[in-house]
Amino acid sequence: MRKEKDHWRLLSNGPRQAGHAPIGTTAARLRPASVMTIDWNEPITGAYCERLAPGLLGEPLNALSSLLVLAISLLAFLHVMRRHAVTPGVMALMGLAIAISVGSLLLHTFATRWAELADVLPIWGFVAVYGAFALRNSPRRLAGVPLALVLGITVFIAGLVLSLRGTHMVGDTVSGSTQYLPALLVAVAGGRMLWRERHPSLRLIAIAAGLFVLSFSFRSLDIPLCGMFPAGTHFLWHITNCLAFGVLLAAMIRYPASDGTADRPQV
């Protein structure tokens, strides 16, 4: 019994000590192959600075900040319904944004492998769908539906693989944030395309990209700054990402057309 308590005490120290490595971290990849099989009910400890013990209330700030995306999505839905601006793309993105909020809440309360999957699936779904619709709605018709679908599927699979297998291009010193590099690349590529087209949504997309870079920084600093800030900075990733989602939804709602009317925003 004492050994079990000591074992959990070691795990519950999270990022401050050895901790339990999340999927894809260096520690996880160094485990023997016989224990690499994923147990979807396995608790996640040490992935976030705020969590030091199991339980639904182990990450109060991270959990509460997860609900902000839900609030933004519901406000966007009410705005769309009031303006009668319902489109398949907008509805799909709002649905994925709501799923992101729910998945993040599950991860930061239950903190298990299945909750981690519920967190990353809608995130990469949102990135893939937004990128595909942006490409498809380009006034220059750079791509048709097939190419847009290929782009969306490729981004989704790449993001999911990086999230669950943790391919490390920068290392573990950025709190596992390298998994979001495909999203950053999509933002840069999309911004460049909009700049070349002088698209009216460029300013909003640029603001969203800036917010994402800021949120990426907050997520990356969660573990390195844990000694200085016991609550971590991951909840700030949620807040700035929430603002980025709101701006992206506003851009899609305000400039939905691709038939030459995109320069006349809906009012």
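The values are calculated or read from the model by the stated rules, or taken from the named source; none is laboratory data. Nothing here was measured: the structure is a model prediction, and the numbers come from that model. A quick note on method: Cβ atoms are made from the backbone with ideal geometry, for glycine too, and the neighbour counts reach across all protein chains shown.
Cβ-Cβ distances below 9 Å connect the following pairs, each with a first residue in the stretch 64-90 that is more than 15 Å from N241 (Cβ to Cβ), a second residue that is hydroxyl-bearing (S, T, Y), and a separation of six or more residues or different chains: V80/T87; G89/Y130. G191 falls short on exactly one of the conditions (1) at pLDDT 80 or above; (2) in a helix (DSSP H, G or I), and that condition is (1). Could you check, for the stretch 124-143, whether at least one of its residues is modelled with pLDDT under 65 and in a helix (DSSP H, G or I)? Within the stretch 124-143, not a single residue is modelled with pLDDT under 65 and in a helix (DSSP H, G or I).
Any residue at all in the stretch 183-193 that is closer than 13 Å to T240 by Cβ and touching a helix residue (DSSP H, G or I) at 6+ places or on another chain (Cβ under 8 Å)? Within the stretch 183-193 (the criterion being closer than 13 Å to T240 by Cβ and touching a helix residue (DSSP H, G or I) at 6+ places or on another chain (Cβ under 8 Å)), the answer is no, since none of the residues qualifies.
Restricting attention to the stretch 220-246, the residues that are in contact with a helix residue (DSSP H, G or I) (Cβ under 9 Å, 6 or more places away or on another chain), within 16 Å of E59 (Cα to Cα) and hydrophobic (A, V, I, L, M, F, W, C) add up to 7. Among the listed residues A97, A28, A33, identify the single one that is closer than 30 Å to G227 by Cβ and either among the hydrophobic types (A, V, I, L, M, F, W, C) or modelled with pLDDT under 90 (or both). None of the other options fit; the residue is A28.
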